[in-house]
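Just so it is clear, none of the values below were taken in a lab; they were calculated from the coordinates. As the structure is a computational prediction, the values presented were derived from the model and not from experiment. Note that each Cβ is placed from the backbone with ideal geometry, even for glycine, and that neighbours are counted across all protein chains shown.
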Amino acid sequence: MQIADLGDVRLHYRIDGDPNGAPVVFSNSLGTDLRLWDAILPLLPDGLKIIRYDKRGHGLSSGPSGPYTMGSLVRDAEKLLDHLDVRDCVFIGLSIGGMIAQGLAVKRLDQVRALVLSNTGAKIGTAEMWAERISAVETGGIEALADSIMERWFSKGFTAMPELELWRNMLVRQPIEGYAGCSAAISGTDFYTPTSGLRLPALGIAGDEDGSTPPDLVRETVELIPGSQFKLIRKAGHLPCVEQPLAYAEALNGFLRGIGHI
């Protein structure tokens with residue numbers, strides 16, 4: 001485990017694979033930590049430098065006082081990659097991680113050569129929806145929303161499996177301030193115009209049973225980028241890397257090969 005002191009925040013990060021390999025950065029969803037990608041890593045090819053991190057207010061990273069802005073989350077990723085001297089990475093972001101990916105690509109094309117926008121959108125939900133969720137979390141804790149979140153996160157088949165408890169536990173053990181802070185960042189974000197100006201290889205990934213970012217939203221977002229690709233994963237909800245890791249890794253590996261990153 002490693003920590004990067006970036007001034008106003010300290011980010012927990014981990015590097016796996018080839019330390020001199022082509023960099024691939026993973027940014028996870030609201031309410032999860034970098035273990036979200038555990039099932040994917042063994043399925044990736046050799047020769048990659050795999051970087052994962054916990055965003056502010058999540059996992060083992062510090063949790064500055066909220067609310068957060070998307071600008072601060074993008075800046076965190078930017079500073080971390082500068083700290084690690086990373087350029088020309090493929091940035092893979094899921095949900096809020098996909099929003100961070102869009103913002104970082106707009107800001108720092110020297111750092112990002114290609115995007116994977118997984119289960120995300122240029123805009124997710126409404127300000128009113130996020131205000132209600134933040135209020136509920138601040139009043140009753142994440143536990144108050146946990147069951148409904150599990151229904152949006154996972155397919156009906158997965159919610160009947162004992163493994164669901166692992167992900168529920170991960171969710172409810174995230175700091176309330178971090179969850180609420182990042183929810184505020186999502187609420188205030190609309191990347192339709194900035195993302196439509198991007199010109200780089202991009203892949204969109206959606207789960208056919210995603211109750212948080214439906215396939216049409218993911219497709220609409222990635223199609224803002226000319227020449228982009230789209231992959232729908234069956235029998236998966238908001239976290240297809242958990243439910244269908246083989247199909248997810250196949251999509252990633254095909255994209256990485258296609259752009260010459262492996």
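Taking the chain as a Gaussian network of alpha-carbon nodes connected by springs under 10 Å, the highest mean-square fluctuation of the residues N20, N169, N119 belongs to N20.
Among residues other than A77 whose Cβ falls under 11 Å from its Cβ, what is the net charge (Lys/Arg +1, Asp/Glu -1)? Don't jump to the answer; show the numbers that get you there.
Working: positive: K55, R56, R75, K79, K107, R108; negative: D76, E78, D82.
Computed value for this residue: +3.
By the compact-protein rule of thumb, 2.2 N^0.38 Å, the alpha-carbon radius of gyration of the range 12-131 corresponds to a ratio of 1.02.
With N set to the number of residues, divide the alpha-carbon radius of gyration of the chain by 2.2 N^0.38 Å and report two decimals.
Numbers: Rg = 16.7 Å, N = 262, 2.2 N^0.38 = 18.3 Å.
Relative to the rule-of-thumb radius for its length, the chain sits at 0.91.
Computed about the Cα centre, the dipole magnitude for the chain is approximately 480 debye when only Lys and Arg (+1) and Asp and Glu (-1) carry charge, each at its Cβ. Which one, V222, V172, V25, has the greatest fluctuation when you compute a Gaussian network model over the chain with C-alpha springs under 10 angstrom? Ranking V222, V172, V25 by mean-square fluctuation puts V172 first. Please report how far the C-alpha centroid of the range 42-103 lies from that of the range 167-197, rounded to the nearest whole angstrom. Cα centroid to Cα centroid, the span is 13 Å. Where in the range 120-143 does the label zone of D216 land, with the point 7 angstrom along Cα→C-beta and an amide N cut-off under 15 Å? Residues 125 fall inside that zone.
Thinking of the range 199-262 as a set of Cα atoms, what percent of all their pairs are more than 17 Å apart?
Working: 812 of 2016 pairs.
That fraction is 40 percent.
Full extension of the segment from D82 to R257, taken as 0.36 nm per residue of separation minus the current Cα-Cα distance, would add 60.5 nm.
Could you work out the relative contact order of the range 2-258? I mean the mean sequence separation of Cα pairs under 8 Å and 6+ apart, divided by the number of residues, in percent. Mind showing how you got there, number by number?
Numbers: 557 pairs, mean separation 54.4, N = 257.
Normalised by residue count, the contact order of the range 2-258 is 21 percent.
With a simple spin-label model that places each label point 7 Å from the Cα along the Cα-to-Cβ direction, the separation between N20 and A136 comes to 5.1 nm.
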